[in-house]
């Protein structure tokens with residue numbers, strides 16, 4: 001089993017960190033879900049609050065206007081304290097505004113992660129909501145950053161979580177947590193995907209043929225999948241829970257490698273990964289239950305995101 005090597009602890013004492021965004025100045029933005037903040041970690045490990053978001057921001061991404069956009073799930077499961085919503089945070093003033101809390105009259109449940117395409121629109125996941133006995137299914141949405149348009153593009157999903165785009169923007173990837181699956185869909189235009197028949201026995205009962213190649217990979221054993229990032233070679237790098245580490249999946253799904261977190265870190269939930277540094281070969285990982293941001297050298301450069309600040 002391969003193990004992540006030469007990990008450096010960048011910051012400690014974080015209140016359930018997630019959603020890291022590596023900035024050009026060497027700092028890392030991230031959300032602290034239990035604290036309800038967007039925070040900045042400087043290279044020396046110091047932490048400052050950039051914006052008070054309320055409830056539980058879960059994912060973050062820089063938009064075309066240089067602001068930080070947030071997927072706020074309403075609080076850390078199962079103790080959600082507010083409505084799910086998409087927010088915009090001004091990195092200079094710290095002002096936070098809610099952009100979307102519903103789509104077509106239906107409230108968002110628990111927005112989780114987001115990624116911008118080259119056209120300036122955002123894809124984001126909504127994990128859904130469960131109370132331990134019942135569960136609302138999740139979805140994948142596409143929205144514009146000015147608050148003018150939101151569309152539910154994929155539904156239903158089972159706990160849609162991480163989301164990312166291929167280097168050419170032609171493939172959308174998203175993970176499903178408890179099913180430990182990563183799906184891929186063909187992007188035909190901003191906010192539009194090539195249609196498929198869903199993968200289910202019900203599809204066959206109805207006399208249609210499921211599109212099995214939309215499943216990139218499903219992991220065996222006890223593992224769950226959280227957020228993801230794509231590297232410059234198109235590999236999908238998924239933060240992995242329970243079997244903590246990063247699972248690296250080739251673009252065709254033929255190669256799957258698990259890079260385990262060293263056991264002495266005492267962390268079961270690696271929740272996110274992003275790439276930064278001058279050569280994009282520094283991988284930043286959030287270790288959420290122990291409240292740490294760690295970094296290591298990555299064998300390949302990460303993918304240059306559509307927008308950075």
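Observations
- Residue check, residue 297 surrounded by 16 or more Cβ atoms within 10 Å (Cβ to Cβ) and either modelled with pLDDT of 95 or more or in contact with a helix residue (DSSP H, G or I) (Cβ under 8 Å, 6 or more places away or on another chain) (or both): no
- The stretch 144-160, subset part of a loop (DSSP other than H, G, I, E, B) and at pLDDT below 95, residue farthest from residue 78 (Cα to Cα): 158
- Any hit, the stretch 187-197, residues being in contact (Cβ under 8 Å) with a residue 60 or more places away in the chain, in a loop (DSSP other than H, G, I, E, B) and under 26 Å from residue 119 (Cα atoms): yes
- Residue among 226, 213 that is under 28 Å from residue 306 (Cα atoms) and modelled with pLDDT of 95 or more: 226
- Any chance residue 205 is more than 27 Å from residue 283 (Cα to Cα) and loosely packed, with under 14 Cβ neighbours inside 10 Å: yes
- Among the numbered conditions (1) under 30 Å from residue 152 (Cβ atoms); (2) modelled with pLDDT of 95 or more; (3) assigned to a loop (DSSP other than H, G, I, E, B), the only one that residue 82 does not meet is (2).
- Listed conditions (1) over 17 Å from the mean Cα position of the chain (by Cα); (2) under 20 Å from residue 165 (Cβ atoms); (3) surrounded by 19 or more Cβ atoms within 10 Å (Cβ to Cβ) are all met by residue 152, apart from (3).
- Candidates 245, 276 - the one that is more than 30 Å from residue 67 (Cβ to Cβ), surrounded by 21 or more Cβ atoms within 10 Å (Cβ to Cβ) and at pLDDT 95 or above: 245
- The stretch 161-186, residues that are assigned to a loop (DSSP other than H, G, I, E, B) and in contact (Cβ under 8 Å) with a residue 12 or more places away in the chain: 166, 167, 169, 170, 177, 178, 179, 180
The values are calculated or read from the model by the stated rules, or taken from the named source; none is laboratory data. Everything quoted here is computed from the prediction, not taken from an experiment. Cβ coordinates were reconstructed from backbone atoms using ideal geometry, including for glycine residues, and neighbour counts include every protein chain displayed.
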